[in-house]
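Right, one structure below, let's go through it.
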Amino acid sequence: MFYECISLSIEGDNREEMPPFVFDVYDFDDNVLVDTQDFMARCVIPVEESSHIIVSKEAGNDNGKPPEPKWHKCYFKQGGAPCGEILVSFVIADDYDYNFKT
């Protein structure tokens, strides 16, 4: 388990035009001879299904708290059975520095 804040730039003015968030999950084998990463699962989260808030300077709604995270199913292959879950939340912010509080 880990907690990570990632900042990404996405162009577009409304959520309907935003692409889904895609997470690829890998394990890492620390071997003496070979370090390998094995694909474990993928999670595709459409913006409208995510736990998110939209903040902007103009609205003045930046309290620094991300929304409560939501569980999303991960799949090894498209159309396959779920093989795990990922817990995530998002802050969609205008083009300025968001003050993340943990």
ask   = Can you name every residue in the range 73-94 that is out of contact with any strand residue (DSSP E or B) (no Cβ under 8 Å at 6 or more places or on another chain) and either on the phi > 0 side of the Ramachandran plot or assigned to a strand (DSSP E or B) (or both)?
value = Gly79
Within the range 63-94, considering residues that are modelled with pLDDT under 75 and in contact with a Ser or Thr (Cβ under 8 Å, 6 or more places away or on another chain), the one surrounded by the fewest Cβ atoms within 10 Å (Cβ to Cβ) = Asp94
ask   = Among the residues of the range 1-48, which ones are in a loop (DSSP other than H, G, I, E, B) and at pLDDT 85 or above?
value = Pro20, Pro46
ask   = Which of the residues that make up the range 49-60 are of a type in the set (Asp, Glu) and either surrounded by 16 or more Cβ atoms within 10 Å (Cβ to Cβ) or at pLDDT 85 or above (or both)?
value = Glu49
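The values are calculated or read from the model by the stated rules, or taken from the named source; none is laboratory data. Every value quoted in this text rests on a predicted model; they were computed, and no experiment measured them. Reconstructed Cβ throughout: ideal geometry from the backbone, glycine too, with neighbour counts over all protein chains shown.
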